[in-house]
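As C-alpha cells, the structure follows; a few thoughts come after it.
We did not get these values from a lab; they are worked out from the coordinates using the rules stated. Since the model is a prediction, treat every value here as computed from it, not as a measurement.
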Amino acid sequence: MPTWKRYLLFQIPGWIIATAVVTSLWYWRILPLWLSVLCFSVWLLKDLLLYPLTRTAYETAAKTGPAALVGTKGVAEGNLAPDGYIRIRGELWRAVSEPADQMIFAGTQVEILSAEGMRVYVRPVGMDKRQ
C-alpha cells in the first residue's frame with residue numbers, strides 16, 4: 001500500500017471525530033455553520049500540510065537486523081583472507097571479503113555490501129564496485 005494511502009487511512013478516525021465535534025457545536029448553536037465548516041476545513045488542511053513532515057513514519061520499507069548494515073562502514077579487526085572479523089558500531093561481526101580472493105588487512109576501513117544471516121560481505125572503502 002502506498003505511503004500516502006496509509007497516512008490518509010490513519011487520519012480518517014480523527015476526521016470522523018472532528019466532524020462529530022463541529023456538527024455537535026453547530027447543532028447546539030455554539031458555532032455558526034460557516035465557522036463549523038471552517039474549523040473542519042482547517043483540521044483537514046492541517047493533516048494534508050503535515051504529510052511531508054511525517055511521511056517517513058508511515059513508510060514500511062525499513063530494513064532491520066543485518067540487512068540494515070548494508071552501506072555502513074566498519075574496520076577490519078584482523079586480516080580477512082577471505083573471512084575474519086570486523087567492528088561495526090562497536091560490535092564484532094563475522095565478515096567475508098568480496099571478491100573472496102582479495103585479502104583485507106587489519107585496520108582497513110571496509111564497507112558492507114550485503115548480509116546473510118550473521119555474516120556480512122565487505123570490500124575495502126575506496127575500491128571501485130566493478131573490480
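What's the angle, to the nearest 10 degrees (0 to 90), between helix 3-27's Cα axis and the longest principal axis of the chain? Approximately 20 degrees, to the nearest 10. Rounded to whole Å, the principal axis extents of the Cα atoms in segment 3-58 read 41, 17, 12, largest first.
For residue 95, the amide hydrogen comes within under 5 Å of the amide hydrogens of 84, 85, 86, 120, counting only partners 5 or more places away or on other chains and with H modelled in the peptide plane. For helix 33-54, report the angle its Cα long axis makes with the longest principal axis of the Cα atoms of the chain; keep it between 0 and 90° and round to the nearest 10°. For helix 33-54, the angle is close to 0 degrees.
The ellipsoid equivalent to the alpha-carbon distribution of segment 65-124 has semi-axes of 15, 12, 9 angstrom, derived from the gyration tensor eigenvalues as √(5λ) and listed largest first.
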